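Okay, so here's the structure we're looking at.
The values are calculated or read from the model by the stated rules, or taken from the named source; none is laboratory data. Given the structure is predicted, the values throughout are model-derived calculations rather than measurements. When we count neighbours, we look across all protein chains shown, and the Cβ atoms used for this are built from the backbone with ideal geometry, even at glycine. Just the protein is used for accessible areas: all its heavy atoms, side chains included, with ligands, DNA and RNA removed. Shrake-Rupley method; radii C 1.70, N 1.55, O 1.52, S 1.80 Å.
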Amino acid sequence: MKYVSTRGYGRDAQLGFTDIILEGLAPDGGLFLPAGYPHVDAATLASWRTLLADEGYGALASEVLKLYIDDIGDADLRRLCERAYAASTFGSTDVVDLVDLGEGLVLGRISNGPTAAFKDMAMQLLGQLFEYELERRDARLNILGATSGDTGSSAEYAMLGKHRVSVVMLTPRGRMTPFQQAQMFSLDDPRIVNVAVDGVFDDCQDLVKAVASDLEFKAAHAIGAVNSINWARVVAQVVYYIALYLRTTSAPGQRMSFAVPTGNFGNILAGHIAREMGVPIDTLILATNENDVLDEFFRTGVYRVRAASETEATSSPSMDISKASNVERFVFDLFGRDAARVRSLFGQVASEGVFDVSGTPEFAGLRERFGFVSGASTHADRLATIRALDARGVLVDPHTADGIKVASDLLADGLDAARPIVCLETALPVKFAETIREALGRDVELPAQFAGLESLPRHVIDLDNDVDALKALIVGRLAALPD
Ligand SMILES: *Cc1c(COP(=O)(O)O)cnc(C)c1O
């Protein structure tokens, strides 16, 4: 499999999987995608159903990823997948599981990893891939990132103990939940550096961009990223769509649907790709919170990015985005993989903050061809949904509640979508205890694996919102690393 950029780069470059996973954006500013999606037929899906049942999630992951990777040998890939999706990391070899919610809805539990958010599903594999590839290239990578909570901890737990990788993670001081802070700051490893910036998440992200745009500094210190545009993260997520499809259907060709709480369009993009591969997914329900850039796009054809000042801080904070980086990959497919068109549309976003494709036949045919519908949810909706499910004995986190709420609303409005609808659980409730308390008037029970976490010593460095101070910190910490 070769890879191309959504803006045209790479058509003649013969880029393989391992060439693109250590990079961020393509050199032309686009995002990498495979030159074409591999197709899986009913017989293959049936054999995967048996494989998943008999040999577990890691075995399935290796078969799916094989279709996208031809520069890692099959045996090596199988070993990396088995390690990434070990029962010791995800609680069982099933890795994902299902809980019936009634009325045709099923909770797809994909947050069983070490940091209690679905990001572990991709990040654990990325950790294995990075270690493997850096070893092969005899290279090192120093990951610099910014997080509002879930990505940072997921990246740190995935890179922990990988001796060719270090992580410097910027966090907005005092703005993550107590559980998220405890999860990150309790890590005691010289290669994991937590930084609390005097500012908000956007300030953290601006600092990362400022360092990354200093190409000399970036090269001299082997600075890399693990953001959600990384293709390896997207393709790792395709596997759980297939696993959940296989676990909720039994006959060849049987269709079902997904509901997905969405921020940067990373998670649901993987659902789109599984569907393009021929997995019989009927409808993809996209849910946003009050920050509804994507709901607006899928309803109206207008993609309008928001200013930081227009981006609300909500009780589903991991979906508080001002633009949805990964949507460019979907737009590329929507317009028949026309790179010139994508370049022009996202050029318009860069200059005017908006594009409008409402009048195009492609947008008119979007639901029919790609299965997407969308809706938005609010704080009051989240609380009501958490309460209603709790009354039926199921506790969900606020992001997951957004997805369930939007799916229920669309169904009530007459949406025709094949059942079951698997609503993805993007985090466990324990990460967002305050909102659960507000909804239910009681505390979330702490899962046994997290007992004592919040009383461990904290390892975090305070930093002013200043690029030079950040660079000095990076240089100092890298110099002090063990070999
Ligand atoms: C990251 C995250 C999301 C959004 O996922 P995208 O891939 O950005 O769409 C939703 N919920 C939780 C809990 C998350 O951590």
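If residue 124 passes every condition in (1) more than 28 Å from residue 321 (Cα to Cα); (2) buried (at least 18 other Cβ atoms within 10 Å of the Cβ) but one, which one does it miss?
(1)
Would you check which residues across region 283-301 are part of a strand (DSSP E or B) and either hydroxyl-bearing (Ser, Thr, Tyr) or on the phi > 0 side of the Ramachandran plot (or both) and list them?
283, 288
Scanning region 243-265 for residues that are over 16 Å from the mean Cα position of the chain (by Cα) and hydrophobic (A, V, I, L, M, F, W, C), which turns out nearest to the ligand (Cβ to nearest atom)?
Taking the candidates together, the pick is 244.
I'd like to check which helices (runs of 4 or more DSSP H) are fully inside region 166-267 and have at least 1 residues that are buried (at least 18 other Cβ atoms within 10 Å of the Cβ).
178-185, 201-212, 231-248
Against the conditions (1) open to solvent by 30 Å² or more (accessible area, probe 1.4 Å); (2) within 14 Å of the ligand (Cβ to nearest atom); (3) at pLDDT below 95; (4) more than 20 Å from residue 315 (Cα to Cα), where does residue 145 fall short? Just the number, please.
Going through the list (1) open to solvent by 30 Å² or more (accessible area, probe 1.4 Å); (2) within 14 Å of the ligand (Cβ to nearest atom); (3) at pLDDT below 95; (4) more than 20 Å from residue 315 (Cα to Cα), residue 145 breaks only (1).
Modelled with pLDDT of 95 or more, within 15 Å of the ligand (Cβ to nearest atom) and over 19 Å from the mean Cα position of the chain (by Cα): is that true of residue 298 in this structure? First the steps, then the outcome.
On the way: modelled with pLDDT of 95 or more: yes; within 15 Å of the ligand (Cβ to nearest atom): yes; over 19 Å from the mean Cα position of the chain (by Cα): yes.
Considered against the rule, which asks whether it is modelled with pLDDT of 95 or more, within 15 Å of the ligand (Cβ to nearest atom) and over 19 Å from the mean Cα position of the chain (by Cα), residue 298 comes out as yes.
With respect to residue 358, determine if the residue is closer than 30 Å to residue 435 by Cα, hydroxyl-bearing (Ser, Thr, Tyr) and either in contact with a strand residue (DSSP E or B) (Cβ under 9 Å, 6 or more places away or on another chain) or within 16 Å of the ligand (Cβ to nearest atom) (or both).
So residue 358 does not fit the description; no.
Any chance region 60-78 includes a residue that's touching a Ser or Thr at 6+ places or on another chain (Cβ under 9 Å) and open to solvent by 60 Å² or more (accessible area, probe 1.4 Å)?
yes
Testing residue 112 on (1) open to solvent by 10 Å² or more (accessible area, probe 1.4 Å); (2) away from the ligand (no atom under 16 Å from the Cβ); (3) free of Cβ contacts under 8 Å to residues at least 40 places away in the same chain, one condition comes back false. Which one is that?
(2)
For region 302-317, which positions are outside any loop (DSSP other than H, G, I, E, B), at pLDDT 90 or above and open to solvent by 30 Å² or more (accessible area, probe 1.4 Å)? Before you say what the answer is, go through the steps one by one.
Narrowing region 302-317 to residues outside any loop (DSSP other than H, G, I, E, B): 302-304, 308-310, 317.
Filter again for at pLDDT 90 or above, leaving 302-304, 317.
Within region 302-317, 302, 304, 317 qualify.
Of everything in region 283-301, what is of a type in the set (Asp, Glu) and open to solvent by less than 30 Å² (accessible area, probe 1.4 Å)? Give them in sequence order. Lay out the reasoning, then the answer.
Step one: of region 283-301, the residues of a type in the set (Asp, Glu) are 290, 292, 295-296.
Within region 283-301, 295 is the sole residue that qualifies.
Looking only at residues that are exposed (fewer than 11 other Cβ atoms within 10 Å of the Cβ) and modelled with pLDDT of 95 or more in region 443-463, which one is farthest from residue 395 (Cα to Cα)?
Among residues in region 443-463 that are exposed (fewer than 11 other Cβ atoms within 10 Å of the Cβ) and modelled with pLDDT of 95 or more, the one farthest from residue 395 (Cα to Cα) is 462.
Has region 321-334 got at least one residue that is open to solvent by 60 Å² or more (accessible area, probe 1.4 Å) and within 22 Å of the chain's Cα centre (by Cα)?
Within region 321-334, one or more residues are open to solvent by 60 Å² or more (accessible area, probe 1.4 Å) and within 22 Å of the chain's Cα centre (by Cα).
Can you name the number of the only condition in (1) within 26 Å of the chain's Cα centre (by Cα); (2) among the β-branched types (Val, Ile, Thr); (3) open to solvent by 40 Å² or more (accessible area, probe 1.4 Å) that residue 436 fails?
The number of the failed condition is (3).
Can you tell me which residue in region 318-354 is nearest to residue 175 (Cα to Cα), limited to those that are touching a Phe, Trp or Tyr at 6+ places or on another chain (Cβ under 6 Å) and outside any helix (DSSP H, G or I)?
Among them, the one singled out is 324.
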